[in-house]
Amino acid sequence: MRTIAVKFGGTSVGNMRRVRLAASSVYKEIKKGNRVAVVVSAMGHTTDALVKSAKKMIEDVDANEMDYVMALGERASARKFAAALRELGAEAVAIDPFDERWPVVTDSTHGMANIDLAETTRRFKRHIAPLLEKKITPVICGFLGMDRHGHVTTIGRGGSDITGFLVGKCLDADEVVIVTDVSGVMTADPNLIVDAQVLKKITVEEMRDLARFGAQVMHPRAMTYKDPNIDAKVLHFKNGDLSSGGTTIVGPKEAEFMGVKLYGKPLAMLTVVGEAMQTTPGILTHTTTPLSRAGINIFGVSIGPRSFSVYVAEDDTKKAIKLLHSVVVRRGHMKSVTGQGRLAMIVAESERFIDTPGSIAKLTLPLLKEKINIVEILSSRTSISFFVDWENRLEAVKLFKRVMKEMGC
């Protein structure tokens, strides 16, 4: 007997025909003797419609009220799915935040609540696992939580994916299946590349990076709850079979760092000045290739209209400037190279940056108040690198950690 956690996305349950197809795929597993915990999203574009309607009716909807409204889609979806399972002959029950068996406990950060994993795991063991033991299939609302004050919360964009992996983790499932509207993880966006192919396997680390940088298959935060000992895969709802096709997700190899990290040695910023830096093809190749060949690591690169900078270990400054200077004198559009040492690199990382407006402003304001100058900021979707004077590094780290905690990162 296997335990399977399966999450059905909004398109997968977009109408009652698809709900019945999805329920049929679950029933097939039940007939094999497997235990299945189901997670459902709101049907189709229900959530968008609910939000639009709420804003139209209520001039100023507060976050608490909005979470309650947004929860209606998942609550309705869970009831319809459970009913479809019962029509097939399975025992099934819808579990929503107002059920005393509701397992997902969060803080009160409405719109992007943080999950209390310890309490949530305890409640899954106490309330959901016994249902499976009795061969009752729980159909759990994705995307939703309940804080300790009895208020409905939502856990942010991609929340149903998060719930799917959370259910698998808390129940020690054998497998997590994410059912969506694509055949799996593709080698490229099939809307752009007609001969894109389905990958048979992808690592958690690769899946997370694809999701971070635009792939719509899954939200990167969901990978935080992927247990390395639990199988996982992504497949298309049209299969109507949870055992067929799709892409297997393996890993993670190790826990990924999230938080604030200080690089332990001072860096130097080396800057080349000249005209048309942003519009000259090959500008970075000409300068970074000699550094790479010399075994000099580059920690960051920034480019502006009339200059670009590379960050290297301070110990490599003399060698790096010599190599860069040899390039400058050969290239007419480059005029001079200079350097500034004794810089610290502090990296702040969090999946929440993707959906949190003003993350950089929130992180930098305390440094402004303490008169700590930031030499430069480099950022990606989930990672922000700050370069400050070396002597300010410890105070800056302390301030960043405080803000990250306040942001729930």
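The values are calculated or read from the model by the stated rules, or taken from the named source; none is laboratory data. In this text, all values refer to a predicted model and were calculated from it rather than measured experimentally. Note: ideal-geometry Cβ built from the backbone for every residue, glycine included; neighbour counts use all protein chains shown.
Scanning the stretch 1-19 for residues that are in a helix (DSSP H, G or I) and surrounded by fewer than 19 Cβ atoms within 10 Å (Cβ to Cβ) gives Met16, Arg17.
Note on the stretch 171-213: residues that are in a loop (DSSP other than H, G, I, E, B) and in contact (Cβ under 8 Å) with a residue 24 or more places away in the chain amount to 13. Residues Ala276, Ala268: which one is touching a residue at least 12 places away in the same chain (Cβ under 8 Å), assigned by TED's automatic domain parsing to the domain that holds Tyr311 and on the phi > 0 side of the Ramachandran plot? Step by step, each of Ala276, Ala268 is checked, and only Ala276 is touching a residue at least 12 places away in the same chain (Cβ under 8 Å), assigned by TED's automatic domain parsing to the domain that holds Tyr311 and on the phi > 0 side of the Ramachandran plot. Checked against the criterion of being within 12 Å of the chain's Cα centre (by Cα), of a type outside the set (D, E, K, R) and more than 16 Å from Cys141 (Cα to Cα), the candidates Ala211, Ala173 yield just one match: Ala211. Can you find a residue in the stretch 114-121 that is surrounded by fewer than 16 Cβ atoms within 10 Å (Cβ to Cβ) and over 21 Å from the mean Cα position of the chain (by Cα)? Within the stretch 114-121 (the criterion being surrounded by fewer than 16 Cβ atoms within 10 Å (Cβ to Cβ) and over 21 Å from the mean Cα position of the chain (by Cα)), the answer is yes, since at least one residue qualifies.
The residues of the stretch 122-144 that are in a loop (DSSP other than H, G, I, E, B) and surrounded by fewer than 21 Cβ atoms within 10 Å (Cβ to Cβ), listed by number, are Lys134, Lys135, Ile136. Within the stretch 228-262, being in a loop (DSSP other than H, G, I, E, B), out of contact with any Ser or Thr (no Cβ under 8 Å at 6 or more places or on another chain) and buried (at least 17 other Cβ atoms within 10 Å of the Cβ) holds for one residue alone: Ile230.
For the stretch 288-313, enumerate the residues that are in contact with a helix residue (DSSP H, G or I) (Cβ under 9 Å, 6 or more places away or on another chain) and surrounded by 18 or more Cβ atoms within 10 Å (Cβ to Cβ). Leu291, Ile296, Phe308, Val310, Val312, listed by residue number. Restricting attention to the stretch 282-300, which residues are part of a helix (DSSP H, G or I), without any contact (Cβ under 8 Å) to a residue 24 or more places away in the chain and either more than 32 Å from the chain's Cα centre (by Cα) or farther than 13 Å from Ala320 by Cα (or both)? Listed by number, the residues that qualify are Thr285, Thr289, Arg293. With respect to the conditions (1) closer than 20 Å to Val167 by Cα; (2) at pLDDT 90 or above, Ala255 lacks only one, and its number is (2).
Within the stretch 145-165, which residues are under 20 Å from Lys226 (Cβ atoms) and either part of a strand (DSSP E or B) or in contact with a Ser or Thr (Cβ under 7 Å, 6 or more places away or on another chain) (or both)? Those that are under 20 Å from Lys226 (Cβ atoms) and either part of a strand (DSSP E or B) or in contact with a Ser or Thr (Cβ under 7 Å, 6 or more places away or on another chain) (or both): Gly145, Ile155, Ser160. Output the residues belonging to the stretch 80-115 that are touching a residue at least 40 places away in the same chain (Cβ under 8 Å) and part of a helix (DSSP H, G or I). Result: Lys80, Phe81, Ala82, Ala84, Leu85, Glu87, Leu88.
Val61 meets all of the listed conditions (1) assigned to a loop (DSSP other than H, G, I, E, B); (2) under 22 Å from the mean Cα position of the chain (by Cα) but one, namely (2).
If you go through the stretch 322-358 one residue at a time, how many are under 17 Å from the mean Cα position of the chain (by Cα) and either surrounded by fewer than 13 Cβ atoms within 10 Å (Cβ to Cβ) or not hydroxyl-bearing (Ser, Thr, Tyr) (or both)? Here the count works out to 8.
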